[in-house]
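Each remark here refers to the structure printed beneath this line.
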Amino acid sequence: MPRISNHFRAFWRLATHAQLMPVLESGDDPLIGGQAVIEGVMMRAPHSYCISIRRPDGEIVSKQEPIERLSEKHKYWGWPGLRGLATLGQALTLGMRALRFSANEALEEEKKAEGTAAKNSAEVPGWLMAANIAFSIGFFIFLYKFVPLWLTSAVQERVSWLDGNFSFSLADGIIRLAIFLTFLTLVSRMSDIRRVFQYHGAEHKVVFNYESGRPVNIGQAQSFTTFHPRCGTSFLMVVMLVSIFVYALVPYQGFAAKMLARVVLLPVIAAVSYEVIRFASRRRGHLLAWLVAPGLWLQRITTKDPSDDQVEISIHALEGAMALEREQNGELVVA
């Protein structure tokens, strides 16, 4: 029973964090970026990453590994339209690795606290990770595709002005955004998620500190804001806005056809959104920069002011990623 209970807790903890992973990840292809995880931070450089976790006893544990950019292995992954899919795919893959590492550490500490430590270290089983990924994808499609479409279709039967493609898509997008905001607000009230949002803020502060060219330390990092334009929160907001226009172009009228289109067009919307936010983040004064603004506002929910200990973890992860980058003869410069 204790083992089943641990797996159940691990599943729901992973499921909650997996739904938030796109919010916590960098939405662009940064020189330095990262992701908040359970009691820690993952930082990545162009060819390496490092995950640093703080255990309850204060000990910091880390994991470093090299990574290879798909665009360097196959040039076509660097083409506009494909580079977004390559970057996002790699970011989500690394994010799941980081999440599993942090979840394993959390399980290990729970076993020690319960006095049930076994000969082997606690670890999230592979089947549990696979089940969690399948559940997270299914939950995402149900909550953000099926439910808004079903509700909009129900309203359309009573409101004639929703018969147009754009008006229908606009109403669908507003409902989707309302669900997203409600979900974020509710989970932000959970104590462990609030701590993740603090680590998210720590990651942003340290990235800002590094990008400023100033010495990276706790005092300097704490002077920066937690709101960063390359955050996954901004990216998701752009995805929701872009999807309104893309779905308005779908000529199909039946519920099943519209639902299928919403699933099939996900890669297209992600690729377009990536290009939009990439353009906007590099041209702050351009008209398209307004698309990034809602994401910055939303970071008032998804980032919280971190403690010095949390900033220290983020710096530790950054230094680990940079050290491995140098070992691979990589050269990091301030963006």
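Here are the numbers for this structure:
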{"item": "Residues within region 183-208 that are of a type in the set (S, T, N, Q), touching a residue at least 24 places away in the same chain (Cβ under 8 Å) and in a helix (DSSP H, G or I), tallied", "result": "2"}
{"item": "Unique residue being in a helix (DSSP H, G or I), modelled with pLDDT of 75 or more and over 16 Å from the mean Cα position of the chain (by Cα) when the list is LEU318, LEU296", "result": "LEU318"}
{"item": "Of all residues making up region 152-198, the number that are over 28 Å from the mean Cα position of the chain (by Cα) and either closer than 18 Å to THR233 by Cα or of a type in the set (S, T, N, Q) (or both)", "result": "5"}
{"item": "Selected residue (criterion: farthest from SER307 (Cα to Cα)) from residues of region 59-74 that are modelled with pLDDT of 85 or more and not β-branched (Val, Ile, Thr)", "result": "PRO66"}
{"item": "Count of region 226-277 residues which are among the basic types (Lys, Arg) and outside any helix (DSSP H, G or I)", "result": "1"}
{"item": "The lone exception for ILE179 - which of (1) loosely packed, with under 13 Cβ neighbours inside 10 Å; (2) in contact with a Leu (Cβ under 9 Å, 6 or more places away or on another chain) it fails", "result": "(1)"}
{"item": "Top-ranked residue of region 214-224 - restricted to ones that are in a helix (DSSP H, G or I) and touching a residue at least 12 places away in the same chain (Cβ under 8 Å), ranked as surrounded by the most Cβ atoms within 10 Å (Cβ to Cβ)", "result": "ALA221"}
{"item": "Matching residues in region 225-245 - criterion: being without any contact (Cβ under 8 Å) to a residue 40 or more places away in the chain and crowded, with 19+ Cβ neighbours inside 10 Å", "result": "VAL239, VAL242"}
{"item": "Close pairs from region 123-146: first basic (Lys, Arg), partner in a helix (DSSP H, G or I) and surrounded by 15 or more Cβ atoms within 10 Å (Cβ to Cβ), Cβ under 7 Å, at least 6 apart", "result": "LYS145/MET259; LYS145/ARG262"}
{"item": "Condition check for THR116: modelled with pLDDT of 80 or more and out of contact with any Gly (no Cβ under 8 Å at 6 or more places or on another chain)", "result": "no"}
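The values are calculated or read from the model by the stated rules, or taken from the named source; none is laboratory data. The shown structure was predicted, so the numbers you read here are calculated from the model rather than taken from an experiment. Note that each Cβ is placed from the backbone with ideal geometry, even for glycine, and that neighbours are counted across all protein chains shown.
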